[in-house]
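Report on the structure given below.
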């Protein structure tokens, strides 16, 4: 359901919203997918351990002996510096949730998407920083508009 590195970004984004323990994170992701998908504990808990080892989150036991994870200052800075990637994965997850629910993309929309992807990949010349920023901004605006229905 997630691409490489996507789950770690989702976990960080959810922990940024509020401190959570592993089960809460699994349930939050399941809710975002409308009940159509939930990551397994065998994927979530090792990812949380990795994030803690990297110094991005810290887990402290609460009164019920559950480890509640919060962002570290380094984790908050890292998340802010990688906001475009985080926003992208959250948008992809919202779109995947629609797909899991059984919605199908019309053929004409799939064709337009393939044309857009080809145009981006085959753009003549190099990519300046301003061109890159403009294209990313335009594409993310389209993603938001599509996701909001």
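Only the coordinates and a few stated rules stand behind these numbers; no lab work does. Values in this document were obtained by computation on a predicted structure and should not be read as measured data. Because the Cβ atoms are built from the backbone with ideal geometry, glycine has one as well, and the counts that use them run over all protein chains shown.
Observations on the structure shown:
- Comparing 42, 75, 59 in a Gaussian network model of the chain (Cα springs below 10 Å), the most mobile by mean-square fluctuation is 42.
- Viscosity 0.692 mPa s, temperature 37 °C, Stokes-Einstein D of the range 1-65 from Kirkwood C-alpha radius, µm²/s: 269
- Residue order, fewest to most surrounding Cβ atoms within 10 angstrom, among 132, 70: 132, 70
- Placing pseudo-labels 7 Å out from each Cα toward the beta carbon at residue 128 and residue 109 gives an inter-label distance of 3.5 nm.
- Sorted by Cβ density within 10 Å, fewest first, the residues 76, 134: 134, 76
- The chain: translational diffusion in µm²/s, Stokes-Einstein, Kirkwood Rh over Cα pairs, 37 °C, 0.692 mPa s: 190
- Selected from 108, 68, 86 as most flexible by GNM, with the chain as the system and alpha-carbon contacts under 10 Å: 108
- Residue among 48, 139, 116 with the largest mean-square fluctuation in a Gaussian network model of the chain, springs linking Cα atoms under 10 Å: 116
- Percentage of interatomic Cα-Cα distances in the range 105-147 larger than 17 Å: 40
- The residues 110, 92, when put in order of fewest to most other Cβ atoms within 10 Å, stand as 110, 92.
- Helical contribution to [θ] at 222 nm, DSSP H n ≥ 4, -39,500 (n - 2.57), averaged over the chain, rounded to 500: -21000 deg cm²/dmol
- Fully extending the segment from residue 45 to residue 87, taken as 0.36 nm per residue of separation minus the present Cα-Cα distance, adds 12.9 nm.
- Helix 129-147 and the longest principal axis of the C-alpha atoms of the chain enclose an angle of approximately 80°.
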